[in-house]
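Notes for the one structure printed next.
The values are calculated or read from the model by the stated rules, or taken from the named source; none is laboratory data. This structure is a prediction, so every number in the text was calculated from the model and none was measured. With ideal geometry, Cβ positions are generated from the backbone for all residues, glycine too; neighbour counts draw on all protein chains shown. For the accessible areas, the whole protein counts, side chains as well, though only heavy atoms, and no ligand, DNA or RNA atoms are used. Shrake-Rupley method; radii C 1.70, N 1.55, O 1.52, S 1.80 Å.
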Amino acid sequence: MSDFSVIGKSIAMVDAAGKTTGAGKYTDDFSMPGMLVGKILHSPYPHALIKRIDLSKAKALEGVVAIVTGADAPNQYGILPVGHDETALAVEKVRYIGDNVACVAAVSEEIAERALELIEVEYEPLPAYFDPEESMKAETDLIHENRPHNIEKDYHHVFGDPEQGFAEADYVHEARYIANEVTHAAMEPHSTLASFEIDPHTGKQGRLTVWSSTQVPYYLQHKLSLVLELPMSQIRVIKPLVGGGFGGKSEINPLEIIAAVAARAANAPVKVTYTREEVFWAHRGRPRTIIDLKTGVKNDGRVTSVACKVVQDGGAYCSYGVVTILYSGALLGALYDIPNIRYDGYRVLTNKPACGAMRGHGTVNVRFAFESQMDEICANLNLDPAEMRRVNLLKPPTVTVNGLRVLSYGLPECIEQVVRRSGWNDRKGRMPKGRGLGVACSHYVSGAANSIIRSDMPHSTVNIKIDRDGGVVVYTGASEIGQGSDTMVAQIVAEVLGCDISRVKVIAADTDLTPIDLGSYSSRVTFMSGNAALQAAEDVKKNILSAAAKRMNCAPEDVIMRNDRVLRRGTTMSEGSSTWSDSSSGKDAASGHVDGQILRGSVLQTRKEEGPRDHMSFEEAVVSAIDFHGGLTGTGSYAPPAAARGGKQKGGGVGPSPAYSYSAQVADVSVDEETGEVTVHKIWAAHDCGRALNPVAVEGQVIGSVWMGLGQALQEEMVWKDGLLMNPGMLEYRSPSSTESPDIECIIVESIDPEGPFGAKEAGEGSLAATIPAISNAIYDAVGVRLRESPFTPERILAALRAKKGMKRIEMTESVDPTAPQKLREHGGSLWFRGKGPMRHPLDPARQGAKAGGER
Amino acid sequence: MKKELIALRVNHRAYELAVEPNKLLLDVLRQDLGLTGSKQACDDSSCGACTVQVDGIPMLSCTMLAASCEGQEITTVEGVADHGALTALQKAYGDFGGSQCGFCTPGFMMTVRWLLANNPDPSEDEIRDALSSNLCRCTGYTQMYQAVRAAIEAEQKGSKRELVGAK
């Protein structure tokens, strides 16, 4: 089918009106009778033993209902089965400034905050580790006792023959790249409301209902079950609207468990909402990554071998770390044809908030290094950077040297598009001084082919119920977080059933109602939930067709559902027309719009007398099917095919995906050599999303990704000083405003994936990674300095310009705002904590080291 | 702190409320009046998600005392819809992808509403300048400009229906 009636057309998201009128509800918008406010006490030390907690004064405060500590819920959990190293609240030890120590549930926020100040905690500070390369040398005072040298995980992969590849190379380039830490900073601060019901049979506390700002309601249900020792069937997780995730809500954040633990102790509903400062401390963002990269090429630019060593500063807990470090290596493949790869990845623990998954999970920083290095090679070998990318293209269908299967591959057209639209061939190298163009490419998975918790269960399941009113209710566990997943599911179902999209009501992400779905992460929803929705719709359609065929005296294959009508193939009415010559048919007594006749079933009686028909309304067909089958439901599920699940090597489960998206970008920038300031004039971004089911949403995802990449490239950075975050606020973190955001032109490339729903692949993440190197390469083109550390702040650019001229480096502010906080909670958010700030153990390497800001 | 009685006018309705003198306007709107459209996102007046209009001027309700707004007309995002229908701006934000996760959208609605009330035909730069008081993490703002321009066109044509299916 080449022409579609619903998909491929830009439509507003099904929940758009709730967002523009304020009627849409996010977790913090809910309240319940008798609800208490939960506030969390955080550690002021980066690494310390908890010697004693005295709650007596706090508990005596009027209005305090319950206070919980680590002892109330000591079971360990973590998003990965190999990384169960977290507890809801610290047990015996805190591991970063901001770690969770206690939670007060009180009748008001003000009382809860006062109670926090009355909690007395005695700590014994331990030496703390802030730099991953230092941390890897640790012998004592380990962050987790079962992780020698503070290494969470290391992987050493060899594919092909890297040494032979380097021997064959005409030229080998080697450099170190550093990408500093960034965070999601979704507009909605995390929030959780937890409430227990009394069980009618036992008379005791029974089922738990949790409303939470999460991308993964089913994982939350699972982890709550582990920590609270409740069966999963006794836990209902509901995901209301989520105000942005970007990966920050793709695992279990401490407050989600803490709220439930507090509600259990208080015997009352408890809501915990992070302040903005707490959101920064909760973090789970993209780790600071040190990349030592070596690439061998032939004189024509063909890559013969790549060796890559990656060290990630993972923070104090595993989080998604093992997956992050694997993605960093695995996605060296599947973009270009690289015959030989050596990868050494180290995920290291430090005494800072845990890093986790962030948009472009694991690939972004390594892609920055790789695409920058390609540009350096081009400069040295006098090659055109766009041409070098062309000579290294894959020839799909293929399986890469590290076991990734590539079917659809729109990268060649992406490159073509951005080269043409940016005027690359005419403008590159001919621009005025201080202005330049840079190109880079990237790719990303459309969902992981292997789930986090290894099992054979489908990754997505969708159920459909259609009733006599002609309403189509779709039940999906897919989590709408603003990317448009509800709309995507509605579009696919409406397309398959040939009905108006206004008939389709999506019930999503409620563990009591919707079938299990792994959640919204790794860009899996369109591909996996979309395929499940497609299959469910086909399933229910089968029954409608067979009933309609009986009424039409034809075979089911000859019945077509389209434009909200059901008709026999070859009917005179032109297919694809939305207006029907039989104008009465939409309004006749059989259509279901009149006086509830559909419910009385009189339609069939009337119609039988009329004899066979060649067309009928959607409702009529539905009623026929229900009368014939006794009900009308459909179900569909999706599990990635075995061929897409990757190699057998240890860690080979991460990276494989049923399909990859592709992106190519050109950035047009100018650099002020006096101030070091970079202005991005325009970015052309071509993205291969397979098929654009909703083009306006695809453009929104691509532009949003590029924009977030731009933030990481130029200004966003988590600045640390002895484990204390210097910039925990939206302005201090420098999220770009509209006046700092350039024009971004999105070009959609459709490669029509053979396995995607209607050929669709991911759109929400793959473009981010190309933006950072495209800008870095453009800066080199503009002023001839190579920025190997992101973000490319004026300080770093000036330093590079001065170094190029042989001048001395000027130490300015080291990116640190002079008004930055000296202690926890001094800055931003509620100013309730009057802690004394981080104390250092005498043996603390940060105290002994010269660079770490001296004693306090 | 002891509560005091204050009188507020919100979305053309009069309310008499007992609130602490130090209670913020945002908290009164969200907690006392159940108007949860205005959002708390940054706590320190840096993001604009809590923007409401006070006598037509966009103000950050997260850093204003409710008691200071007595005698003024407060408009929240809930008061924007046009007799139960979307305004041209609200419709355009949906159609052109100006809103993704939607958490910042109520604030943008109030800011852009003020812009268009005071400058019915703003230039590209004027739109950018006006929007810079609010932060968004999803859209990169590009589709918001398209939405604002589409809303202006719809208003100029004098019919909000024009915008339906324009894309």
Quiz item: Under unit Cβ charges (Lys, Arg +1; Asp, Glu -1), what dipole magnitude, rounded to 20 debye, does segment B:4-79 have relative to its Cα centre?
Solution: 200 debye
Quiz item: In sequence order, what are the phi-derived ³J(HN,Hα) couplings for segment A:637-649 according to the Karplus relation 6.51 cos²θ - 1.76 cosθ + 1.60 with θ = phi - 60°, rounded to whole Hz, with x for glycine and proline?
Solution: 9, 9, 10, x, x, 4, 5, 9, 8, x, x, 9, 4
Quiz item: Which parts of segment A:1-27, residue by residue, lose 30 Å² or more of accessible area when the rest of the protein chains are there, as against the chain isolated (1.4 Å probe)?
Solution: A:S10, A:A12, A:K19, A:T20, A:T21, A:G22, A:Y26
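At 30 angstrom or more along the helix axis (alpha-carbon based) and mean Kyte-Doolittle of -0.5 or higher, what helices does chain A contain? Whole DSSP H runs only. It would help to have the intermediate numbers written out before the result.
Values: long enough: A:530-552 (31 Å, -0.18).
Once both thresholds are applied, what remains is A:530-552.
Just to confirm a number: summing +1 for Lys and Arg and -1 for Asp and Glu over residues other than B:S68 whose beta-carbon lies under 15 angstrom from that of B:S68, what do you get? List each step's numbers first, then the result.
On the way: positive: B:R9, B:K23; negative: B:E4, B:E20, B:D27, B:D55, B:E70, B:E73.
Here the count lands on -4.
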Self-check item: Equivalent-ellipsoid semi-axes of segment B:4-79, from the Cα gyration tensor, Å, largest first
Solution: 17, 14, 11
Quiz prompt | Percentage of interatomic Cα-Cα distances in the protein assembly as shown larger than 60 Å | solution = 8 percent
Quiz prompt | Residue pairs, from the table A:K19/A:K271; A:K309/A:K804; A:K309/A:K682; A:K9/A:K541; A:K25/A:K505, whose Cα atoms sit over 24 Å apart | solution = A:K309/A:K804; A:K309/A:K682
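Within a 10 angstrom radius of each residue's Cβ in A:28-35, how many Cβ atoms of other chains show up on average? Whole number is fine. Kindly include the intermediate steps, with their values, before the conclusion.
Details: counts 6, 6, 1, 4, 0, 0, 0, 0.
Mean partner-chain Cβ count within 10 Å for A:28-35: 2.
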Quiz prompt | Whether segment A:742-792 is rounded, prolate or oblate, judged on the alpha carbon gyration tensor where a/c under 1.5 counts as rounded | solution = prolate
Quiz item: Amide H to amide H under 5 Å from B:E73: which residues, 5+ apart in sequence or cross-chain, H placed 1.01 Å off N in plane?
Solution: B:D55
Quiz item: Alpha carbon centre of segment A:507-568 versus segment A:443-475: separation in Å?
Solution: 12 Å
Practice problem: Name the residues whose placed amide hydrogens come within less than 5 Å of the amide hydrogen of A:K153, ignoring near sequence neighbours (fewer than 5 apart) on the same chain. | Solution: A:R347
Quiz item: What share of the DSSP beta bridges in segment B:4-79 is antiparallel, in percent to the nearest 5?
Solution: 90 percent
Quiz item: How many angstrom lie between the C-alpha centres of segment A:165-237 and segment B:1-68?
Solution: 33 Å
Quiz item: Counting only the heavy atoms of the protein chains, how much of B:M1 is accessible to a 1.4 Å probe, in Å² to the nearest 10?
Solution: 140 Å²
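Write down, largest first, the equivalent ellipsoid semi-axes of segment A:1-123 in whole Å, where each equals the square root of 5 times an eigenvalue of the alpha-carbon gyration tensor. If you can, show how the numbers build up before the last one.
Values: eigenvalues 338, 105, 26 Å².
Value: 41, 23, 11 Å, ordered largest first.
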Quiz item: Any idea what the relative contact order of segment A:344-447 is, in percent, if you count C-alpha pairs under 8 Å spaced at least 6 apart?
Solution: 21 percent
Quiz prompt | Per-residue SASA entry for A:E152, accessible area with 1.4 Å probe, Å² rounded to 10 | solution = 10 Å²
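Rounded to the nearest 5, what % of DSSP beta bridges with both residues in segment A:111-260 are antiparallel?
Details: 6 of 10 bridges.
In segment A:111-260, approximately 60 percent of DSSP beta bridges are antiparallel ones.
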Exercise. May I ask you to give the solvent-accessible area per residue for segment B:88-157, in square angstrom, as obtained with a 1.4 angstrom probe?
Key: 30 Å²
Practice problem: Taking amide H positions as placed in the peptide plane 1.01 Å from N, state which residues far from A:L393 in sequence (5 or more) or on other chains have amide H under 5 Å from it. | Solution: A:D337
Exercise. Find, to one decimal place in angstroms, the Kirkwood hydrodynamic radius of segment A:320-446, where the mean of 1/r is taken over every pair of different Cα atoms and then inverted.
Key: 16.5 Å
Quiz item: Under 12 Å from the 7 Å Cα→Cβ point of A:A643, by amide nitrogen: which residues of segment A:750-764?
Solution: A:754-755
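Quick one: buried accessible area between A and B, total over both chains, 1.4 angstrom probe, nearest 100 Å²?
Details: alone 31000 and 8840 Å², together 35980 Å².
Using a 1.4 Å probe, the pair buries roughly 3900 Å².
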Quiz item: To the nearest Å, what is the center-to-center distance of segment A:765-812 and segment A:80-108, using C-alpha atoms only?
Solution: 39 Å
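How much area per residue is accessible in segment B:4-79 when the probe is 1.4 Å and only protein heavy atoms are counted (Å²)? Before the final figure, lay out each step's value.
On the way: 3010 Å² over 76 residues.
That works out to 40 Å² for each residue.
Among residues other than A:V272 whose Cβ falls under 12 Å from its Cβ, what is the net charge (Lys/Arg +1, Asp/Glu -1)?
Numbers: positive: A:K39, A:K271; negative: A:D28, A:E109, A:E256, A:E278.
So the environment of A:V272 carries a net charge of -2.
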Quiz item: Excluding A:H190 itself, what net charge comes from residues whose Cβ is under 13 Å from its Cβ, given Lys and Arg +1 and Asp and Glu -1?
Solution: -1
Quiz item: Quick one: what Rg and Dmax do you get for segment A:60-192 from the alpha carbons, in Å?
Solution: 22.3, 77
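Ignoring ligands, DNA and RNA, what percent of the 1.4 Å accessible area of the protein assembly as shown is carbon and sulfur?
Values: 18020 of 35980 Å².
Heavy-atom surface of the protein assembly as shown belonging to carbon and sulfur, 1.4 Å probe: 50 percent.
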Quiz item: Name the residues of segment A:543-572 whose amide N is less than 15 Å from a point 7 angstrom out from the Cα of A:F628 along the C-beta direction?
Solution: A:543-561, A:566-569
Exercise. Convert each backbone phi in segment A:553-568 into a coupling constant with the Karplus relation 6.51 cos²θ - 1.76 cosθ + 1.60 (shift: θ = phi - 60°), then list the ³J(HN,Hα) values in order as whole Hz, x for Gly and Pro.
Key: 6, 8, 7, x, 5, 9, 9, 10, 10, 6, 6, 6, 10, 10, 9, 7
Quiz item: Tell me, what does the Kirkwood hydrodynamic radius of segment B:88-157 come to in angstroms if you use every pair of distinct C-alpha atoms?
Solution: 11.7 Å
Quiz item: Using θ = phi - 60° and the Karplus form 6.51 cos²θ - 1.76 cosθ + 1.60, what ³J(HN,Hα) does each residue of segment A:342-355 get, whole Hz, x for Gly and Pro?
Solution: 10, 9, 10, x, 10, 9, 10, 8, 9, 8, 9, x, 5, 8
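If you take every DSSP beta bridge fully contained in chain A, what fraction is antiparallel? Give it as a percent rounded to 5.
Numbers: 104 of 133 bridges.
Within chain A, antiparallel bridges account for around 80 percent of the total.
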Quiz item: A:T398: accessible area at probe 1.4 Å, nearest 10 Å²?
Solution: 40 Å²
Quiz item: Any residues in segment A:188-203 that have 10 Å² or more less accessible area with all protein chains than in their chain alone, probe 1.4 Å, and which are they?
Solution: A:E188, A:P189
